[in-house]
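> Sharing a structure here in structure tokens format.
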Amino acid sequence: MLRLRDIQRRFDRAAPDFDGADFVHTVTRDGLFGRLEPLLLQPETILDLGSATGATGRMLRRRYKRAHVVSLDLSHAMLGAARRSKRWFSRSTFVQANAGQLPFADESFDMVVSNQLLPWAPDPQVVFEQVSRVLKKDGVFAFATLGPDSLRELAQAWAAIDDQAHVNPFPDMHDIGDGLVHAGLRDPVLDVDRLQVSYETPGKLFADLTRAGARNALAGRGRGLIGRHRFKAMTEALASGRADGKIVLDLELVYGHCWGGGPRNDPMNYKIDADRIPLRR
């Protein structure tokens, strides 16, 4: 389980360097907008869920010029950077809040967009239920997240030296689809892309992770220092099998969109009247 307080602190510290460090946000933001283009939407109210420093919000304002964009993030520093980058005449609001407890009325938004918030949600299902609540009927929820194959090499390298949690667990695409439907969202469409990144040294890898705020915020992580020898063993395991000594990581990029206004019944509460089932004779 992820700790919200630790996540907030990490992204507060990462805010000054975030745009230059988190290339994954840039890649998936472009992929997300490419997938939105065929939908021909004209939303009036948009929630940018997990806005970070505001790059997604700026693209939303450029594409949907008449829309009021609400940028929401857990990090005060990220929102400060987003607020400073907005144009004075743009229709924008900035809200610091937890995505699992959205401070908005039911059916407030025509569109909810989320770029890489879900990997940092302690319980993505709670986020889906909140999105379902604030999304208008026939509104659209579009998102990009990471799948379970992401950073597998890093997780395996850590597993070679201890049994503690070091890498966030990422949900499977099919589990995401089931969760969306369970939350009352309709007709989910999901697809997967792949991205491979390489680093010359472990130092460059972990510097990028730190600058992007993507450090360990799991509740089960170890609290003590790792130590030089254990860290060296981990990095050797990470680069093992490659003659050039480079560190190569795979990322599974999951994109999806779905619609509001679906049934909000708990499947466990469905009841069948056996007396009304016709029998074959």
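> Return a yes/no flag: does the stretch 131-147 have any residue that is assigned to a helix (DSSP H, G or I), touching an Asp or Glu at 6+ places or on another chain (Cβ under 9 Å) and without any contact (Cβ under 8 Å) to a residue 40 or more places away in the chain.
Looking through the stretch 131-147, at least one residue is assigned to a helix (DSSP H, G or I), touching an Asp or Glu at 6+ places or on another chain (Cβ under 9 Å) and without any contact (Cβ under 8 Å) to a residue 40 or more places away in the chain.
> For residues in the stretch 20-50 being farther than 21 Å from ALA99 by Cβ and acidic (Asp, Glu), which is surrounded by the fewest Cβ atoms within 10 Å (Cβ to Cβ)?
GLU37
> On to the next question. So the check is Cβ under 6 Å with 6+ separation or different chains; which pairs have a first residue in the stretch 21-43 that's touching a residue at least 12 places away in the same chain (Cβ under 8 Å) and a second one that's of a type in the set (D, E, K, R) and part of a helix (DSSP H, G or I)?
Pairs found: ALA21/ASP208; ALA21/ARG211.
> Scan the stretch 203-255 for residues that are assigned to a strand (DSSP E or B), of a type in the set (A, V, I, L, M, F, W, C) and at pLDDT 70 or above and jot them down.
Within the stretch 203-255, ILE247, VAL248, LEU249, LEU251, LEU253, VAL254 meet the criteria.
> Working carefully through the options ASP123, ASP193, ASP149, ASP178, find the one that is closer than 24 Å to ASP6 by Cβ and at pLDDT 85 or above.
ASP123
> To continue, here is another question. Identify all residues within the stretch 41-70 that are closer than 24 Å to GLN8 by Cβ and not in a loop (DSSP other than H, G, I, E, B); write none if there are none.
Result: ILE46, LEU47, ASP48, LEU49, ALA55, THR56, GLY57, ARG58, LEU60, VAL69, VAL70.
> Considering only residues that are crowded, with 17+ Cβ neighbours inside 10 Å and more than 19 Å from THR26 (Cα to Cα), which ones fall in the stretch 81-90?
none
The values are calculated or read from the model by the stated rules, or taken from the named source; none is laboratory data. Quick caveat: nothing in here was measured; it's all calculated off a predicted structure. FYI the Cβ positions are ideal-geometry reconstructions off the backbone, even for glycines, and counts take in every protein chain you see.
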